[in-house]
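K.L.:
Provided herewith is a single structure, encoded as structure tokens, for subsequent inquiry.
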Amino acid sequence: MIEVLAKLGRGPVFLAGEVLECVITFTNPLSASSTSASSEMLAWASAQIHCQFHASENRVALPPSDGSKHDVQAENETVFVPNRGERGQCILSTPPKILFCDLRLDPGESKSYSYCETLPVDGPPSFRGQSVKYVYKLTIGCQRVNSPIKLLRVPFRVLVLHGLKDYQFPQDEAVAPSNPFLEEEEGLKKDSRLADLATELLMVATSRRSLHLYNISNTRGKVGTFCIFKTVYKIGEDVIGTFNFSEGDIPCLQFSVSLQTEESIQEEFQRRRGQPVSFTVQACHQESCLHTAQSSFSLPIPLSSTPGFTTNIVSLKWRLHFEFVTSGESAGTCLVRGSQSDAVTWTGVEQMEVDTFSWDLPIKVLPTNPILASYVSQFSSTNSITI
């Protein structure tokens, strides 16, 4: 028996273009006092990253696959196929890398291997929607002699920041601070600079503030105004807006604001023409506001959510969806006298005619620092199997 442990040192969330590093440890769990006959042998171990795509048959019409390309080797249990047994199709994969050949482990002995691979920049982000799913996994295959391959799958999340792959790092690094007493591999140095660059680009894109004022009106007149200071955010930020009903002609009784994602299938892949768009509510605020002059809301963008993106099959957009309930008549109050002559009780009207209307405001949601997103990831940094 051999225990295989895979650990992602920095967490299970990465930016496309970064280097994924995983330490894979093989251990013979028997005590060191066991006989040498208890040694374990592995013929080989290999690792590979792949992105698995799955589409809902009720929503997405994919082109027929080419059945002529039948891989006979894929049916052989001694051939390393990372996505064997998984649903959907593999749309992206890195070249497999051999970790070792002919490994012998004595009782109590362990050996570790480091796997490093740059995540492709032209792939989609991780996404689990109502119509499609994009799932990234690192698959480690191990085989005993004359035995089927055992697979250890390590799921992780990929965020895509558009424009990051087009940046060219300067050739002259003399201006960068350096420590001559520390040695750093060029790949890790570039990976660190890539993360720093992404953080800087995100900060610049989401820190721009300008006043956006919108008049809220229906067919009968003005209800109020809405104010928001920016429309570009990172996941993990709060969307903050304010309302001013003091200058409105039509009383507003209630409003609700929903932070929603809009998942739409490209026209050529829709199962039915004119197929409706799928909406998912990420956060919601509702408030009664009769006789309220000003109000506000704050909606958090979940760190676990997917930033907006577009592929050849699906696109994901973000928006604020507003719903207003306004009075169809004068929204006065009733005065009810109490038992004493100087006592006055204020009560609302029992019945009122109302009008409702809605409004959508598109916003842009970008990724965030992958280390921050790792704190709330559903994936574990450590995965293991026993073979």
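K.L.:
Between residue 365 and residues 5 or more places away or on another chain, which pairs have amide H atoms under 5 Å apart, with H built 1.01 Å from N, and which residues are they?
P.N.:
233, 308, 318
K.L.:
Which net charge results for the neighbourhood of residue 31, defined as the other residues with beta-carbon distances under 15 angstrom from its beta-carbon, given Lys and Arg at +1 and Asp and Glu at -1?
P.N.:
-4
K.L.:
Using each residue's phi in the range 225-242, evaluate 6.51 cos²θ - 1.76 cosθ + 1.60 at θ = phi - 60° and report the 3J(HN,Hα) Karplus result to the nearest Hz, with x for Gly and Pro.
P.N.:
Karplus-based 3J(HN,Hα) across the range 225-242 equals 10, 10, 10, 9, 9, 7, 10, 10, 9, 9, 4, x, 7, 9, 8, 10, x, 10 Hz.
K.L.:
Residue 315 versus residue 110, label points 7 Å from Cα toward the beta carbon: distance in nm?
P.N.:
5.0
K.L.:
So between residue 222 and residue 296, what do we pick up on full extension, going 0.36 nm a residue minus the alpha carbon distance?
P.N.:
Gain on extension, residue 222 to residue 296, equals 24.8 nm.
K.L.:
Want the number for residue 90 to residue 287: 0.36 nm per residue separation, take away the alpha-carbon distance, what's left?
P.N.:
Here the segment from residue 90 to residue 287 would lengthen by 66.3 nm.
K.L.:
Here is a further query. Taking the Cβ of residue 280 as the centre, find all other residues whose Cβ is under 9 Å away and add up their charges (Lys, Arg: +1; Asp, Glu: -1). Don't jump to the answer; show the numbers that get you there.
P.N.:
On the way: positive: none; negative: 262, 263.
Residues close to residue 280 contribute a combined charge of -2.
K.L.:
What dipole magnitude, in Debye to the nearest 20, does the range 82-146 give about its Cα centre under +1 on Lys/Arg Cβ and -1 on Asp/Glu Cβ?
P.N.:
I would put it at about 280 debye.
K.L.:
Under 8 Å for C-alpha pairs, at least 6 residues apart: give me the relative contact order for the range 194-257, rounded to a whole percent.
P.N.:
28
K.L.:
Subtracting the Cα-Cα distance from 0.36 nm times the residue separation, let me have the gained length for residue 196 to residue 58 in nm, one decimal.
P.N.:
Contour length minus Cα-Cα distance gives 45.5 nm.
K.L.:
Taking a spot 7 Å from the Cα of residue 205 along the direction of its beta carbon, which residues of the range 364-378 have an amide N less than 17 Å from it?
P.N.:
364-373
K.L.:
Right, something else. Taking the highest mean first, how do the peptides 194-206, 138-150, 39-51, 375-387 order by number of other beta carbon atoms within 10 angstrom per residue?
P.N.:
Descending mean neighbour count gives 39-51, 138-150, 194-206, 375-387.
K.L.:
Could you sort out which of 137/364; 230/317; 222/364; 111/150; 7/234 sit more than 24 Å apart by Cα distance in this structure?
P.N.:
Among 137/364; 230/317; 222/364; 111/150; 7/234, the Cα-Cα distance tops 24 Å for 137/364; 222/364; 7/234.
K.L.:
Among 358-368, 207-217, how do they line up from the highest to the lowest mean number of other beta-carbon atoms within 10 Å?
P.N.:
Averaged packing, sorted descending, gives the order 358-368, 207-217.
K.L.:
Moving on. Using Cα pairs under 8 angstrom and six or more residues apart, how large is the relative contact order of the range 1-60, in percent?
P.N.:
Averaging sequence separation for qualifying contacts and normalising by length gives 33 percent for the range 1-60.
Only the coordinates and a few stated rules stand behind these numbers; no lab work does. Remember, predicted model here, so these are calculated numbers, not experimental data. Cβ atoms come from the backbone with ideal geometry, glycine included; neighbour counts cover every protein chain shown.
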